[in-house]
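**Student:** Take this structure first; my questions come after.
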Amino acid sequence: TGKPDIALIDKKIVVFVDGEFWHGYRWKQKKKKIRDNRDYWIPKIERNIARDTNNNRKLRKAGWQVIRFWQQQLIKDLPKCIQKIKKNLK
């Protein structure tokens, strides 16, 4: 069910940091802009999106809290991301 970047096992919290390109950030807009090797990249990214959704569902069903951040969120506003994790610890 995915490999989280951070797993707080005792609190049953997993944190994923998703790269915007690989995981389809703003996919409906970005999909149109892919020019090179579209037959490869579009299905690959759409499989990643589906896998992420499926993994989230399985983890939540198993009682885990799932937190996902886009990579740029961490870079631009790390304190806000940390605060979100802390909020879920309570």
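The values are calculated or read from the model by the stated rules, or taken from the named source; none is laboratory data. Because the structure is predicted, anything quoted here is derived from the model rather than measured. To get the accessible areas, we keep the full protein, side chains included, count just its heavy atoms, and leave off ligands, DNA and RNA. Shrake-Rupley method; radii C 1.70, N 1.55, O 1.52, S 1.80 Å.
**Student:** So what's the back-of-envelope 222 nm ellipticity for the chain, counting only DSSP H runs of four-plus at -39500 (n - 2.57) apiece and dividing by all residues, rounded to 500?
**Tutor:** Values: 5 runs with 53 residues, N = 90.
Estimated from H runs of four or more residues: -17500 deg cm²/dmol.
**Student:** Before anything else, pin down the relative contact order of the chain: Cα pairs under 8 Å, at least 6 apart, normalised by residue count, whole percent.
**Tutor:** This gives 38 percent for the chain.
**Student:** Then there's this: Give the long-range amide H neighbours of Ile34: residues separated by 5 or more places, or on another chain, with amide H under 5 Å away, using H modelled in the peptide plane at 1.01 Å from N.
**Tutor:** HN-HN under 5 Å from Ile34: empty list.
**Student:** Consider just the alpha-carbon atoms of the chain and return their Rg together with their Dmax, both in angstrom.
**Tutor:** 14.6, 46
**Student:** Using a/c under 1.5 as the rounded threshold, could you call region 34-82 rounded, prolate or oblate? The axes a ≥ b ≥ c are square roots of the C-alpha gyration tensor eigenvalues, and prolate needs a/b larger than b/c, oblate otherwise. Spell out each step's value before the answer.
**Tutor:** Working: a/c = 6.88, a/b = 1.28, b/c = 5.39.
Oblate, because a/c is 1.5 or more while a/b does not exceed b/c.
**Student:** Taking only protein heavy atoms and a 1.4 Å probe, what accessible area per residue, in Å², does the chain have with all protein chains in place?
**Tutor:** 75 Å²
**Student:** So between Gln65 and Lys80, what do we pick up on full extension, going 0.36 nm a residue minus the alpha carbon distance?
**Tutor:** On the way: separation 15, 0.36 × 15 = 5.40 nm, distance 1.77 nm.
Gain in length upon complete extension: 3.6 nm.
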